[in-house]
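Notes follow once the structure below has been shown.
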Amino acid sequence: MAIVNLMSGATIHKLDGRHDRVRKGKEAVINAIIAMVAEGRVNLTAADIADRAGISERTFTRYFDSIGDLIELSLQQIEPHIKHMLTFDVPTTNLHDRLETLVQLRVSLIRTYSPLIEAVEQLSYNLASAKEATRGRDLTLEAQFQRWFSIERAQMNEDRFTAIGHFLSYVSLRQLFMSLGNRTEAVVTAMVFELFSHRPK
């Protein structure tokens, strides 16, 4: 009986060690793809990612069925980090402060995570889950805008409100960020505040 218990304990310890190695290996792969994308690399292969993670390509294929699976896990990894950027909790009733905060959150999202998001869109353009993640992001940002500026929406033309929402969308702000860089927050806040404040005669 003592021998059986000893063998059972050794087996459990061995299995725990194997699970730990697999977990660490997967984390290394996810960190590798995030780092490589942040460097501007988007045409990645399983061999590229495995090499950066310090594992063999064969091990990579044991961990993930495809790069698509890796992308999905990478998205799950960043989700907790961007949750506060998508909050529906309105911080203040002051229009300028609300607008400034929203623009800062969105530019922060673009500055920090756009490389990975773009990799998802480019590496997995035909992957249904990636398309769904992109669509979900855009719908959440749109709903956030409507929630944060519901007071202004009730006081202005619906078409004008919709146009402002498009201007503050992820795609539009990313294009502006590429042109304006660190000036994006100040420029966009001033422009949109003027759009909100202007009342047609």
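Worth pointing out:
- Of the residues L173, L139, the single one that is modelled with pLDDT of 90 or more, closer than 27 Å to I71 by Cα and open to solvent by 80 Å² or more (accessible area, probe 1.4 Å) is L139.
- Residue satisfying condition, being small (G, A, S), at positive phi and open to solvent by less than 40 Å² (accessible area, probe 1.4 Å), within set G181, G165: G181
- Of residues in region 48-88 being in contact with a Gly (Cβ under 7 Å, 6 or more places away or on another chain) and assigned to a helix (DSSP H, G or I), the one farthest from L99 (Cα to Cα): T59
The values are calculated or read from the model by the stated rules, or taken from the named source; none is laboratory data. Keep in mind it's a predicted model, so treat the numbers as computed, not measured. Positions of Cβ are generated from backbone atoms using ideal geometry, with glycine treated the same way; all protein chains shown enter the neighbour counts. The area values use the complete protein model at the heavy-atom level, side chains included, leaving out ligands, DNA and RNA. Shrake-Rupley method; radii C 1.70, N 1.55, O 1.52, S 1.80 Å.
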